[in-house]
Amino acid sequence: MPLYECVFIARNDITQQQVEAIADQMAEVLTEQGGEVKKREYWGLRGLAYRIKKNRKGHYMLLGLDCPAPAMQEIERQLGLNEDVLREMTIRVEAITEEPSAVLAKRADDRDRERGFRGPKPAGRFTSGRGRAGGDDREEFRARPRDEMDPSMNDEM
């Protein structure tokens, strides 16, 4: 049987359990048609590149499927009818790998990598001001009067 990868994006105002329920419904339809789900990954709530039906974020889910073509057509039809699904995309693949997809692998790499030192924090510049007893302790920089300037600079003026 042909192998497919199907990614769908669900609305951001539903819960992760509801997204899993949508995937379970698709798995039931698939088993009735003689196919099976080989891989299932929840990618999380992610920002969209542009608004889709007034949503700026969406729940992403990847399904690796081993099923006949009519079953895949039925899955696409069901996802299109579901009002919680914003978009879906299905591609045919040669093999479904058991390792995590590139999206999950990148997320794991980001978690493993520590943030480097970014330098000292500016004194009092970005704080909320709460909890400070003595007011503003930042250093003031003001222009000096001409008579206090370096005498060599007066020649140039």
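Just so you know, all these numbers are worked out from the coordinates, no wet-lab data involved. The model shown is predicted, which means the values in this text are computed figures rather than measured ones. Cβ: placed from backbone, ideal geometry, glycine included. Neighbour counts: every protein chain shown.
A crude spin-label estimate for the pair residue 99 and residue 32, with each label 7 Å from Cα along the Cβ direction, gives 3.7 nm. Between residue 38 and 64, 65, 66, the built amide H atoms are under 5 Å apart, and every one of these is 5 or more places off in sequence or on another chain. 3J(HN,Hα) along segment 33-38, derived from phi through the Karplus expression 6.51 cos²θ - 1.76 cosθ + 1.60 where θ = phi - 60°, amounts to 8, x, x, 8, 8, 8 Hz, with x in place of Gly and Pro. Calculated FRET efficiency, residue 21 and residue 109, Cβ-Cβ r, R0 25 Å, to nearest 0.05? Given R0 = 25 Å and the Cβ-Cβ separation, E is 0.25.
With the simple spin-label model, which puts each label point 7 Å out from Cα in the Cβ direction, the residue 84 to residue 46 separation comes to 2.0 nm. In segment 25-65, with Lys and Arg counted as +1 and Asp and Glu as -1 at Cβ, which of these residues, 25, 52, 35, has the Cα nearest the positive end of the dipole, that is, farthest along it? Of the options given, the answer is 52.
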